[in-house]
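Asker: Can you keep this structure in mind? I'll have questions shortly.
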Amino acid sequence: MATEAVSGPPGQPDISYLPDHDNYLARIKRRIETEVLTKALPHGFPLQLQNELVWDGNELAEKYDWNYRLTNNDLAEIESALQHFQAQNLGLGFINQDTFPLPNLHRTLREISKEIHTGHGFKVVRGVPVTAHTREENIIIYAGISSHVAPIRGRQDSQYDGKPADVVLAHIKDLTASVDASRIGAPAYTHDKQVFHTDIGDVIALFALGEAADGGQSYLSSSWKVYNELAATRPDLIQTLAEPWAADTFGKLDTPYSLAPLLHHQPATATDPERLIIQYARRSFTGYWGLPRSANIPPITEAQAEALDALHFTAEKYAVSLDFHQGDIQYVNNLSIFHARAGFRDSAEKQRHLVRLWLRDPEYAWKTPEVLQSRWHRVYKGVTPQNSVFPLEPFVRSASKGESNGEKSDGKVLE
C-alpha cells in the first residue's frame, strides 16, 4: 500500500487528500485569530437556497424514498429489450431508447430523470439480476436502462489500447494487487476511503456488479445544504470558493493547471430557477498517490485549504449512507450532490466492482456555466456510437495514471 503524497509547489499548505480534522480545526483557529475575514457573500449570491435539493441526510429517509425496485414486469421487459438489442448485431455504442425498447418502464425512468434534475437529485434503481447474465449482457442492460434516464453518454477517456476512442464506461475497482501504486493517481482504483467530491458532467450513474466483503458504503450529500451552512456561518469561505482556483492537470493537458472557481451561481431567469453548482475533485489540489501536486504551479492558499476541508466535513455532517448492493444502479445529479465512499476490504469471494457512466438528458439538463464549458465539451462533444468503447475489464484511465507511465494525453483526457 502506498503512502499518501503530500509534496507540492513551494508554499503549499499542510493538507493532503485524506482530510485531517484536527488540522482543520487548527487552521480555522489560526485564520480567525490572524486574519480579517469578510462577513459578506459574493454579489448576488443567496443568503439561503430553498429547494428539494436542500436536504439533511440524517433525516432524509423519513421524507423521501430514493429506491425504485424493478418489478417482475420490468425485469421481463428488460430481458426482452436485451434480446432485441443482441439480435441486431450492433456495437454497444448503438444502445439507445430505440434499440433497447422499454415501452412501459420508460415512463418510470423518465420520472427518475425529472427527480434527479428537479427533485432531491438522486435515485437508486434496484434489482438488476447480475448473476444471471454475462459481463457484456450486464453492461448492455445497464447502458440500456440508463439511455431512458439520460440518453447522452459522455467520454471518460479518449484512448483505449493505445488508439483514439470514446471510452464511455469506466470501472471502479481496487487494482492495487495488480497495478503498482506509483501508477495510480485516483482512489477509484484502490480500497481507500474516497472523500466528498464531484465528477464531471451532469449525471453520474454507478452500477454495482459486485460488493465488498466489508465496507465500501456509498455516501451522498447535498451541496446546496453545505452552501447554506457555510453562507450562514462562514461567508468568507463562500467568497474563496467563488474565486478562481488553480487545478492541477498533472501533465495530462496542454496547460499545467486550469483556473476556475469551485462554486458557480446562476441567478433565476424567465426559463430557469436559481441554481448553485459546486464542481471539484480534492485530488486536483492535494495530489494523490502516484500523482502528487505539481511543483511548478501556484500553491493553494490557506483559505483554500480551509475551504476544501470545510466542504468535506460539512458534507460528511449531512450525508446519507446508501445501502448499495449488487444489482443496484445509482443515478446522481453531479451538479448538486457530492459523493464519497468508505474504505473497504475485498475477499476472494466478494469484490467491490462498480461501472460508471457520465450522462446528460437534454430535456432536463441544467445550463452549463461558461467557465466549465471546455470540460463539458471534453466529456460530451463529438462522442459517436461508432467510436464508443465499453471496456469489459477494469483498467486505470489515462487521466488517473501516475507520472511513472511517462504518458501524455492528446488533450482530451478527463480529470
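The values are calculated or read from the model by the stated rules, or taken from the named source; none is laboratory data. Please read all numbers here as calculations on a predicted model, not as lab measurements. Note: ideal-geometry Cβ built from the backbone for every residue, glycine included; neighbour counts use all protein chains shown.
Asker: Can you tell me how many residues within region 298-336 are over 30 Å from PRO256 (Cβ atoms), touching a Gly at 6+ places or on another chain (Cβ under 9 Å) and of a type in the set (Val, Ile, Thr)?
Answerer: Counting residues in region 298-336 that are over 30 Å from PRO256 (Cβ atoms), touching a Gly at 6+ places or on another chain (Cβ under 9 Å) and of a type in the set (Val, Ile, Thr) gives 2.
Asker: For the subset of region 170-197 comprising residues that are β-branched (Val, Ile, Thr) and part of a loop (DSSP other than H, G, I, E, B), which member is surrounded by the fewest Cβ atoms within 10 Å (Cβ to Cβ)? Before the answer, list the steps.
Answerer: Residues of region 170-197 that are β-branched (Val, Ile, Thr), as a first pass: 172, 176, 179, 184, 190, 195.
After this cut, where a residue has to be part of a loop (DSSP other than H, G, I, E, B) as well, the list is 176, 179, 190.
Working: THR176: 15, VAL179: 18, THR190: 21.
Going through the qualifying residues, I end up with THR176.
Asker: Report, ordered by the first and then the second residue, all pairs with beta carbons closer than 7 Å, sequence separation of six or more or different chains, a first member in region 185-201 that is closer than 11 Å to TYR280 by Cα, and a second member that is among the acidic types (Asp, Glu) and modelled with pLDDT of 95 or more.
Answerer: PHE196/GLU316
Asker: Also, quick follow-up: Spot the failing condition for LYS225; the list is (1) of a type outside the set (A, V, I, L, M); (2) within 18 Å of VAL195 (Cβ to Cβ); (3) modelled with pLDDT of 95 or more; (4) touching a His at 6+ places or on another chain (Cβ under 9 Å), and only one is missed.
Answerer: LYS225 satisfies all of (1) of a type outside the set (A, V, I, L, M); (2) within 18 Å of VAL195 (Cβ to Cβ); (3) modelled with pLDDT of 95 or more; (4) touching a His at 6+ places or on another chain (Cβ under 9 Å) except (4).
Asker: Considering only residues of region 305-360 that are buried (at least 19 other Cβ atoms within 10 Å of the Cβ), assigned to a loop (DSSP other than H, G, I, E, B) and acidic (Asp, Glu), which is modelled with the highest pLDDT?
Answerer: Going through the qualifying residues, I end up with ASP328.
Asker: Conditions first: (1) under 27 Å from LYS252 (Cβ atoms); (2) touching a Phe, Trp or Tyr at 6+ places or on another chain (Cβ under 6 Å). VAL124 passes all but one, so which condition is the exception?
Answerer: Of (1) under 27 Å from LYS252 (Cβ atoms); (2) touching a Phe, Trp or Tyr at 6+ places or on another chain (Cβ under 6 Å), only one is false for VAL124: (1).
Asker: May I ask you to verify whether GLN83 is farther than 21 Å from ALA365 by Cβ and surrounded by fewer than 18 Cβ atoms within 10 Å (Cβ to Cβ)?
Answerer: On the way: farther than 21 Å from ALA365 by Cβ: yes; surrounded by fewer than 18 Cβ atoms within 10 Å (Cβ to Cβ): yes.
So GLN83 fits the description; yes.
Asker: Could you please give the count of residues in region 198-248 that are in a strand (DSSP E or B) and either within 21 Å of LYS367 (Cα to Cα) or touching a strand residue (DSSP E or B) at 6+ places or on another chain (Cβ under 6 Å) (or both)?
Answerer: Qualifying residue count for the region: 18.
Asker: Determine, yes or no, whether ASN23 is touching an Asp or Glu at 6+ places or on another chain (Cβ under 8 Å) and over 30 Å from ASP166 (Cα atoms). Talk me through it step by step, then tell me what you get.
Answerer: Details: touching an Asp or Glu at 6+ places or on another chain (Cβ under 8 Å): yes; over 30 Å from ASP166 (Cα atoms): yes.
Criteria met by ASN23.
Asker: Oh, and also: Report yes if THR269 is hydroxyl-bearing (Ser, Thr, Tyr), out of contact with any His (no Cβ under 7 Å at 6 or more places or on another chain), without any contact (Cβ under 8 Å) to a residue 24 or more places away in the chain and closer than 30 Å to LYS39 by Cβ, otherwise no.
Answerer: Values: hydroxyl-bearing (Ser, Thr, Tyr): yes; out of contact with any His (no Cβ under 7 Å at 6 or more places or on another chain): yes; without any contact (Cβ under 8 Å) to a residue 24 or more places away in the chain: yes; closer than 30 Å to LYS39 by Cβ: yes.
Criteria met by THR269.
Asker: Give just the number: which of (1) part of a loop (DSSP other than H, G, I, E, B); (2) within 30 Å of PHE250 (Cα to Cα); (3) β-branched (Val, Ile, Thr) does THR269 not satisfy?
Answerer: (2)
Asker: Hey, can you tell me all the residues within region 28-63 that are under 25 Å from the mean Cα position of the chain (by Cα), of a type in the set (Gly, Ala, Ser) and part of a loop (DSSP other than H, G, I, E, B)?
Answerer: Within region 28-63, just GLY57 meets the criteria.
Asker: Going by the conditions given, is GLU211 surrounded by fewer than 16 Cβ atoms within 10 Å (Cβ to Cβ), touching a residue at least 12 places away in the same chain (Cβ under 8 Å), at negative phi and not hydroxyl-bearing (Ser, Thr, Tyr)?
Answerer: Details: surrounded by fewer than 16 Cβ atoms within 10 Å (Cβ to Cβ): no; touching a residue at least 12 places away in the same chain (Cβ under 8 Å): yes; at negative phi: yes; not hydroxyl-bearing (Ser, Thr, Tyr): yes.
So GLU211 does not fit the description; no.
Asker: Which of the following residues is over 24 Å from ALA26 (Cα atoms) and touching a Ser or Thr at 6+ places or on another chain (Cβ under 6 Å): GLY290, GLY327? Write out each step before concluding.
Answerer: Details: GLY327 fails: touching a Ser or Thr at 6+ places or on another chain (Cβ under 6 Å).
Going through GLY290, GLY327 in turn, the sole match is GLY290.
Asker: Any idea which of (1) crowded, with 16+ Cβ neighbours inside 10 Å; (2) modelled with pLDDT of 95 or more is the one ALA132 doesn't satisfy?
Answerer: Condition (1) is where ALA132 drops out.
Asker: While we're looking at this one, here's another question. Against the definition (of a type in the set (A, V, I, L, M, F, W, C) and free of Cβ contacts under 8 Å to residues at least 40 places away in the same chain), how does LEU263 come out, yes or no? Can you show your working first?
Answerer: On the way: of a type in the set (A, V, I, L, M, F, W, C): yes; free of Cβ contacts under 8 Å to residues at least 40 places away in the same chain: yes.
Taking the combined requirement at face value, the residue satisfies it.
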